[in-house]
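One structure below.
The values are calculated or read from the model by the stated rules, or taken from the named source; none is laboratory data. Keep in mind it's a predicted model, so treat the numbers as computed, not measured. Glycine gets a Cβ as well: all are built from the backbone with ideal geometry, and neighbour counts include every protein chain shown. The accessibility values were calculated without ligands, DNA or RNA, using every heavy atom of the protein model including side chains. Shrake-Rupley method; radii C 1.70, N 1.55, O 1.52, S 1.80 Å.
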Amino acid sequence: MIIRTAVLGLLLGLATAPALAAEQDPQTGFIIAPGWETVRNNCTACHSSKLVTQNSGSRQHWLSLIRWMQEKQGLWTFDAQTEETILGYLSTAYGPKTGARRPPLTADQLPDNPYRQPSN
Ligand code: HEC
């Protein structure tokens, strides 16, 4: 019974809040998932890990950031397998967000706009 409850809780936890429930490295804040050490080793030399963890996006987005850093910021080239590990980790642990932005405020929640035309 206890085991059943624990398993259920685990399943629910994983199903509802994978990003929040995910274990993080206390030093860098990186979500612990396959490839995280490779990312830590390659992505914190020039800037904070926070710059990585506060971003999110598709594999293509992460690849374009890496190419930009390689072209403009002196990021070294990765062998194919390392690049694969990094892209796999980033696009999974920090993949595209859906609905991360709050909805816009409605007119009655906004301060008065002195420039608003009467027709609006
Ligand atoms: C050789 C230095 C260097 C390394 C190593 C490096 N970066 Fe960067 N990265 C930069 C610089 C410089 C910037 C721009 C910082 C700024 O805007 O203050 C940057 C910016 C970023 C940004 C923010 C981009 C934006 O839209 O503003 C992200 C995300 C990022 N890096 C991720 C990574 C990842 C992931 C790795 C590992 C694959 C990595 N970085 C490794 C130099 C590096």
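Quick rundown of the values:
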quantity: Members of region 90-120 found to be closer than 30 Å to Lys50 by Cα and surrounded by 10 or more Cβ atoms within 10 Å (Cβ to Cβ), listed by number; calculated: Leu90, Ser91, Thr92, Ala93, Tyr94, Gly95, Pro96, Lys97
quantity: Residue in region 27-38 that is of a type in the set (S, T, N, Q) and either surrounded by 11 or more Cβ atoms within 10 Å (Cβ to Cβ) or within 14 Å of the ligand (Cβ to nearest atom) (or both) present; calculated: yes
quantity: Residues being more than 8 Å from the ligand (Cβ to nearest atom), more than 14 Å from the chain's Cα centre (by Cα) and assigned to a loop (DSSP other than H, G, I, E, B) - total across region 49-81; calculated: 2
quantity: Options Gln60, Gln73, Gln81; residue that is more than 19 Å from Gln24 (Cα to Cα), touching a residue at least 24 places away in the same chain (Cβ under 8 Å) and open to solvent by 40 Å² or more (accessible area, probe 1.4 Å); calculated: Gln73
quantity: Members of region 42-57 that are open to solvent by 90 Å² or more (accessible area, probe 1.4 Å) and under 22 Å from Glu23 (Cα atoms); calculated: Lys50, Gln54
quantity: Residue within region 85-106 that is polar (S, T, N, Q), closer than 15 Å to Ile31 by Cα, assigned to a helix (DSSP H, G or I) and touching a Cys at 6+ places or on another chain (Cβ under 8 Å) present; calculated: no
